[in-house]
Amino acid sequence: MPSSSVAVDTELDTVLLKPIDSSTREIKSLDGLWRFAPASDNLAEPWKSVLPGDLECPVPASYNDIFLLPSLRNHVGKVWYQRTVHIPRGWKDQRIFLRLDAATHEGEVYVGDKKIASHVGGYTPFEADLTEHVKPGEAVRVTVGVDNILTHETVPPGEVVTNAVGKKEQKYFHDFFNYAGLARSVRLCCAPKNRVEDITVTTDVRGSAGAVEYKLELEGKGRAEAELLDAEDKVVGKASGLEGLIDVANAKLWQPGAAYLYSLRIRLYASDTSDELVDEYSIPVGIRTVKVSGKKFLINDKPFYFRGFGKHEDTPVKGKGHDDAWMVHDFELMRWIGANSFRTSHYPYAEDVMDYADKHGWVVIGETAAVGLNLGIISGITGGPKRKTFAPDFANDNTQAALRKGIEELLQRDKNHPSVVMWSITNEPDSSEEGSRPFFEPLVKRARELDPTRPLTYANVTFCTLEKDILADLFDVIGLNRYYGWYEFTGNLEIAEQKLEAELLAWEAKHQKPMIMFEYGVDTVTGLHSVHAQPWSEEYQVEYYEMYHRVFDRVDAVIGEQAWNFADFGTGVGIFRVDGNRKGVFTRDRRPKAAAHTFRKRWTGK
Ligand code: GCB
């Protein structure tokens with residue numbers, strides 16, 4: 001929505017600005033091989049000496065598929081990473097810190113013998129402030145413990161059980177492999193002690209003019225000056241102080257598929273009367289508005305139709321490890337197929353992905369890691385007794401607090417990305433359970449408080465039908481995950497088509513809100529062909545998607561189609577999965593299945 005004011009003070013105790021290089025800040029990458037050892041009973045206080053054994057693990061990467069040890073693939077608990085870090089000689093009188101882009105699901109950082117930081121939540125960054133613990137010029141031993149355990153009080157939730165042969169097993173309620181470790185970059189950084197601590201930017205468009213409003217938080221004192229530069233580095237507007245508004249005549253808008261980025265450069269000087277530069281920080285700014293109006297989703301006041309995918313951060317060998325080559329290739333495939341958007345299902349993605357989306361005009365729905373808050377699905381599939389999800393022994397007050405923190409960290413991290421147009425608060429919760437309302441209502445309120453500029457959505461699961469769902473009215477856009485023709489009416493696309501259309505029309509009639517099909521898809525084995533378009537064949541996937549698309553085109557309130565999934569991905573084992581989830585339109589190594597051409601034709605006309 002167009003912003004009339006800058007977001008409220010967040011009062012967050014979370015990592016604020018992303019580390020950058022500037023005239024006053026430096027970064028040293030710690031990516032590469034780290035000494036590595038899984039926790040074991042005979043490994044007490046491993047941070048106190050050099051890790052035993054000869055394993056080395058690459059960072060960034062999930063550790064599970066790197067080694068050929070079954071014990072590591074299915075490890076439950078902590079692993080240890082360690083390396084020697086040289087603190088640059090020139091970093092005197094600076095704040096020196098480690099920045100871990102993610103430690104999945106819980107990280108703890110030691111420097112030498114001392115614990116410096118810890119963080120719960122596997123998909124958001126954290127910092128360890130080393131300033132008081134290191135000296136410029138020295139070499140220190142850095143040890144990072146990473147725990148992959150999911151409990152009733154983590155997001156996503158899980159349960160550790162002891163199996164029949166006395167081993168610990170991690171159970172979880174979501175459909176992707178519990179990849180863990182340091183799957184994103186680790187950096188050693190320095191920033192001035194007096195510095196810009198946080199920047200919040202919101203934008204608006206008035207006729208041909210753009211408005212860029214900013215708000216700063218400082219650590220220490222100083223005189224702040226803001227300059228807005230265009231893509232040619234020409235200053236197009238200025239303001240002073242901790243809050244300001246810069247008007248941009250004839251603004252070039254950030255548009256889907258045609259990104260234009262300005263840059264907001266903040267310079268902090270020692271005092272009102274001094275020209276001594278103490279800090280400099282620049283962030284990209286895309287001028288655009290986002291709004292829901294009636295049954296439409298407007299970007300820059302024009303109706304936007306979401307064409308794209310639910311994705312995963314998932315590749316062979318690296319698991320959820322971020323990799324620029326895979327990332328750019330995925331975006332190139334999405335461009336080839338004619339997509340314009342994606343949902344970060346089912347957790348916040350690496351910031352590198354968000355930066356790329358900003359630069360190249362991708363529209364992003366940013367999702368939290370709240371997946372699997374639904375015990376009804378399991379009992380629905382197994383026919384077992386229904387256990388309540390929102391109850392003291394599952395999703396309880398502590399789980400809610402963990403999700404609240406997850407929402408705060410995601411919104412804080414990604415608030416300035418023009419590519420992000422909407423937040424998805426949760427995927428497929430049991431929204432028919434009475435307890436889901438008191439669980440989510442305050443969280444939705446918190447998200448709106450933190451970011452009044454972006455609409456909110458969630459992904460509704462098929463079992464929580466229009467009659468049973470009690471959450472939809474909290475959100476601006478209704479997301480639906482529907483598998484008619486796969487989990488229901490398997491192989492019968494005629495019935496599936498009728499059911500799907502009837503259901504979409506009923507949701508439209510009741511809620512009068514825009515709706516996005518957040519998931520629709522069928523498992524498809526590449527190379528399996530069938531004249532009768534049988535389930536699992538490439539032909540069936542093609543016919544299934546054609547059917548859904550006919551229906552979407554007949555329902556006015558459908559403002560987006562996000563196929564499930566962009567690519568095949570790793571999952572836990574089970575009789576429902578053959579070497580992972582095969583609903584990809586591309587294979588796990590990113591080759592197109594026949595349906596990729598169906599999408600390309602629909603989305604590009606080619
Ligand atoms: C869903 C989930 C997604 C699964 C998908 C499937 O509804 O949201 O995480 O992977 O179904 O393939 O069953």
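Readers should treat all values here as calculations from the given coordinates under stated rules, not as data from a laboratory. Keep in mind the model is a prediction, meaning the values are calculated, not measured. In this analysis, Cβ positions are derived from the backbone assuming ideal geometry, glycine residues included, and neighbour counts consider all displayed protein chains.
In what sequence, highest mean first, do 68-74, 436-442 appear when ranked by Cβ atoms within 10 angstrom? Before the final figure, lay out the partial values.
Numbers: 68-74: 12.4, 436-442: 17.3.
Going from most to least packed, we get 436-442, 68-74.
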ask   = So what are the radius of gyration and Dmax for the Cα set of the chain, in Å?
value = 24.4, 80
ask   = When the distances between all Cα atoms of the stretch 275-397 are binned every 5 Å from zero, what whole-number percent does each bin get?
value = 2, 8, 13, 15, 14, 12, 12, 12, 7, 3, 1, 1, 0, 0, 0
request  = Could you list, in their original order, any pairs among LYS28/LYS193; LYS167/LYS583; LYS167/LYS318; LYS252/LYS359 whose Cα atoms are separated by more than 22 Å?
outcome  = LYS167/LYS583; LYS167/LYS318
inquiry  = Neighbour counts of other C-beta atoms within 10 Å: give me VAL165, VAL85, VAL290 arranged from fewest to most.
reply    = VAL165, VAL85, VAL290
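The chain: longest stretch without exposed GluC sites (Glu not before Pro) (DSSP loop, at most 14 other Cβ within 10 Å), sites themselves excluded? Walk me through the intermediate numbers first.
Numbers: sites that count: GLU11, GLU132, GLU138, GLU232, GLU276, GLU434, GLU467.
By the stated rule (loop sites, at most 14 other Cβ atoms within 10 Å), 277-433.
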message = Semi-axes of the equivalent ellipsoid for the stretch 21-71, please: Cα gyration tensor eigenvalues, times 5, square-rooted, ordered largest first, whole Å.
response = 28, 16, 8
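Where does each of VAL134, VAL585 land when they are ranked from fewest to most other beta-carbon atoms within 10 angstrom?
Details: VAL134 22, VAL585 27.
Result, fewest neighbours first: VAL134, VAL585.
Quick one, can you get me the convex hull of the C-alpha atoms of the stretch 493-606 expressed as volume per residue in Å³? Mind dumping the intermediate values first?
Details: hull volume 14.0 nm³, N = 114.
Convex hull volume per residue, Cα atoms: 123 Å³.
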key: Gained length - ARG446 relative to ALA39, 0.36 nm times residue gap less alpha-carbon distance   = 142.8 nm
key: Projected-area mean, the stretch 26-191, by convex hull of Cα positions, square nanometres   = 10.0 nm²
message = Along the charge dipole of the stretch 336-429, pointing to its positive end and built from +1/-1 on Cβ of Lys, Arg, Asp and Glu, which listed residue (TRP423, ILE337, TRP362) has its Cα farthest out?
response = TRP423
query = Put +1 on the Cβ of each Lys and Arg and -1 on the Cβ of each Asp and Glu in the stretch 194-290; which of GLY244, THR203, ILE266 then has its Cα farthest toward the positive end of the dipole?
reply = THR203
Order of LEU277, LEU17 under a 10 Å beta carbon neighbour criterion, fewest first = LEU277, LEU17
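In debye to the nearest 20, how big a dipole does the stretch 43-130 give about its Cα centre with +1 on each Lys and Arg Cβ and -1 on each Asp and Glu Cβ?
Details: 10 positive and 11 negative charges, 45 e Å.
I would put it at about 220 debye.
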query = Between GLY435, PHE566, TYR305, whose Cα lies farthest towards the positive end of the dipole of the chain when Lys and Arg beta carbons carry +1 and Asp and Glu beta carbons carry -1, centred on the Cα centre?
reply = PHE566
key: Per DSSP, loop trypsin sites (Lys or Arg not before Pro) in the stretch 76-177 with at most 15 further Cβ within 10 Å   = ARG89, LYS92, LYS167
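Beyond 20 Å between alpha-carbons counts as too far, so tell me which of LYS18/LYS215; LYS415/LYS445; LYS311/LYS606; LYS296/LYS601; LYS291/LYS468; LYS215/LYS238 fall in that bin. Each step should come with its number before you reach the end.
Numbers: LYS18/LYS215 16 Å; LYS415/LYS445 16 Å; LYS311/LYS606 23 Å; LYS296/LYS601 24 Å; LYS291/LYS468 28 Å; LYS215/LYS238 14 Å.
Among LYS18/LYS215; LYS415/LYS445; LYS311/LYS606; LYS296/LYS601; LYS291/LYS468; LYS215/LYS238, the Cα-Cα distance tops 20 Å for LYS311/LYS606; LYS296/LYS601; LYS291/LYS468.
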query = Using θ = phi - 60° and the Karplus curve 6.51 cos²θ - 1.76 cosθ + 1.60, what whole-Hz ³J(HN,Hα) does each residue of the stretch 47-57 get, with Gly and Pro shown as x?
reply = 5, 7, 8, 5, 4, x, x, 10, 6, 10, 10
ask   = For the chain, what is the charge dipole size about the Cα centre, in debye to the nearest 20, if Lys and Arg each add +1 at the Cβ and Asp and Glu each add -1 at the Cβ?
value = 680 debye
key: Spatial extent of the stretch 340-481: Rg and Dmax, with the Cα atoms as the point set, Å   = 15.2, 49
key: Local net charge near LYS302, Cβ-Cβ under 13 Å (Lys/Arg +1, Asp/Glu -1)   = +2
ask   = Suppose every K and R has +1 on its Cβ and every D and E has -1 on its Cβ; what is the size of the dipole of the stretch 340-481 about the Cα centre, in Debye to the nearest 20?
value = 120 debye
